[in-house]
Amino acid sequence: MRTISQGEPVRITKDLITRAWAQRQQDARVLLRDSLCRGLALVVNPTGMAWSYSYRPRGSDPATGGRWNNRTIKLGVPATMTAEQARIAAHRIKGDVASGEDPATLLRAKVAAKIEGRASTLGRLAEMYAVFLPCRPKMRGSGTASPTYVANELHALRAAIDEMQAAEMPAVDLEPVAVKRMLGRHGKSPAAAIARFGALSRFLDWLVDEERLAVNPCKRVTRATRPRPVAPRTHYLSVPQLATLWRAADKLPELHRDFLRMLIAIPCRRGEAASLEWQHLDLDKGVWTQPEKLTKNGSPHTFFLHPLILHPLRRRHAAMGQPKTGPVFAAPRTGRALTTWRDAKEQLVQAAGMEGWRLHDTRRSFATACAEHGVVETVADAVLNHRQSSTRGGVLGVYQMATRWPEQRAALELWGGLLAEQLRRSAFAKRVRPPRLH
């Protein structure tokens, strides 16, 4: 598009602006220079008008030794800025130039910073982090994080960003006060606060490493404000209590009955039981082999299946057509691995008349009962697949690679025997036929 300069400078008035707009050209840009303010011009484009101011920065270019080229800066539009207001704005810029500044360059830098800020919002950076996280080496041990850890970490991070209403906020604008407000929302849920604060802090550490932040705002939150760790849970269930839950599970649908009995009989984590697939089981040998991708610590693990749980698994296998692969505890609607068990657990609480316990308490129950019957802690720890415990830490954790499988099997046989004996006693007392053990 060609540019036309309208001769000598003239005093730009409201009427002149109106005439210039009426006489605009479809293929040209017309410049009307103002006679009252040198450098000020009205730019008339085919689709709009704007005020502009041209100036030459003071000094000379050290690279060439010559004077700087002219700079042009947009001041506004006639619709919202009168000619007199444009002159005032131009004189203000003239004063800045006289003091050695370069307003056009500063403005471009400011615009570029805003563009960079929009491209570096916490929401967009979190999506970049989601790509990076699965590849990041573990903070402890070797290898990369498990899919379960990655999913939980990203869920907590996104929840923290949503609660701070910071998805569209540039990362550099995040202040500790926003983090404090987010933590204040979880006064009665310290576990949620810990998860969100930890995930957010690790994400911000990554931004510091990537040189997108100078400092992690979470590090500026005082210790008094940070969420305090939840006290370790010490509750466990006695063998008679577990037998009561086993019996009460008869009132649940078959899927949840077998799933909950699995957690009672085998001291596995609930997520591990939910992700159990038929190819992981050897029902002839009575062995459950967990691949490393499905364990919490990323190490493969093996459970011995004592008769008390082996019979229900065989029965379930036969009822499902003896599949070779696929989830053992498949949701009836999707056919995928079971992902929710809260309602089933509440049904079991009501059926058994026992409250105040959690599914994870069964692992603690196993360890406690084994210790009371002479099983050494190292063996119980091996059954629970605890890598970072006191029995596997330090030099011992580096040099002691034995699985102690015979002792693990003996511990699980003992555990199954204790449960079966208690079920026999309760069955005799209530005149109920005991479960089959073969």
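The values are calculated or read from the model by the stated rules, or taken from the named source; none is laboratory data. Predicted, not measured: the structure shown is a model, and the values here were computed from it. Note that we place each Cβ from the backbone using ideal geometry, even for glycine, and neighbour counts take in every protein chain shown.
Below, the figures for the structure above:
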| read-out | value |
| --- | --- |
| So ARG196, is it charged (D, E, K, R), more than 30 Å from VAL383 (Cα to Cα) and in contact with an Asp or Glu (Cβ under 8 Å, 6 or more places away or on another chain) | yes |
| Matching residues in segment 52-95 - criterion: being at positive phi and surrounded by fewer than 12 Cβ atoms within 10 Å (Cβ to Cβ) | GLY59, GLY65 |
| Selection count where residues are closer than 26 Å to TRP357 by Cα, in contact with a strand residue (DSSP E or B) (Cβ under 9 Å, 6 or more places away or on another chain) and surrounded by 16 or more Cβ atoms within 10 Å (Cβ to Cβ), scope segment 311-345 | 6 |
| LEU308 being surrounded by 20 or more Cβ atoms within 10 Å (Cβ to Cβ) and under 13 Å from ALA273 (Cα atoms) | no |
| Any pair with Cβ under 6 angstrom, 6 or more apart, that starts in segment 15-29 at a residue that is within 9 Å of VAL44 (Cα to Cα) and ends at one that is surrounded by fewer than 11 Cβ atoms within 10 Å (Cβ to Cβ) | ALA28/ARG2; ARG29/MET1; ARG29/THR3 |
| All positions within segment 400-434 that are modelled with pLDDT under 90 and either within 44 Å of the chain's Cα centre (by Cα) or within 13 Å of ALA369 (Cβ to Cβ) (or both) | GLN400, MET401, ALA402, THR403, ARG404 |
| Segment 9-23, residues that are outside any loop (DSSP other than H, G, I, E, B) and out of contact with any strand residue (DSSP E or B) (no Cβ under 9 Å at 6 or more places or on another chain) | LYS14, ASP15, THR18, ARG19, ALA22 |
| Neighbours by Cβ (under 9 Å, 6+ apart or cross-chain): first from segment 209-234, under 12 Å from PHE197 (Cβ atoms) and at pLDDT 90 or above; second in a loop (DSSP other than H, G, I, E, B) and charged (D, E, K, R) | PRO217/GLU175; CYS218/ARG226 |
| Whichever residue in segment 287-314 is over 22 Å from ARG364 (Cβ atoms) and out of contact with any Pro (no Cβ under 8 Å at 6 or more places or on another chain) and, among such residues, is modelled with the lowest pLDDT | GLY298 |
| The listed residue being assigned to a loop (DSSP other than H, G, I, E, B), in contact with a helix residue (DSSP H, G or I) (Cβ under 9 Å, 6 or more places away or on another chain) and buried (at least 19 other Cβ atoms within 10 Å of the Cβ), out of LEU242, LEU237 | LEU237 |
| Of residues in segment 151-192 being at pLDDT 90 or above and β-branched (Val, Ile, Thr), the one nearest to GLY271 (Cα to Cα) | ILE161 |
| Answer from ALA159, ALA178 - the residue that is small (Gly, Ala, Ser), assigned to a helix (DSSP H, G or I) and within 17 Å of the chain's Cα centre (by Cα) | ALA159 |
| Residue check, ILE4 closer than 18 Å to GLU101 by Cα and surrounded by 11 or more Cβ atoms within 10 Å (Cβ to Cβ) | no |
| The one condition in (1) in contact with a helix residue (DSSP H, G or I) (Cβ under 7 Å, 6 or more places away or on another chain); (2) within 30 Å of PRO300 (Cβ to Cβ) that ARG212 fails to fulfil | (2) |
| Helices (runs of 4 or more DSSP H) contained in segment 273-385 and holding at least 1 residues within 19 Å of PRO253 (Cα to Cα) and under 27 Å from the mean Cα position of the chain (by Cα) | 342-352 |
| Subset of segment 284-305 [among the charged types (D, E, K, R), more than 15 Å from GLY271 (Cα to Cα) and surrounded by 13 or more Cβ atoms within 10 Å (Cβ to Cβ)] | none |
| Yes/no for VAL208 being assigned to a helix (DSSP H, G or I), more than 19 Å from the chain's Cα centre (by Cα), farther than 30 Å from THR368 by Cα and not aromatic (Phe, Trp, Tyr) | no |
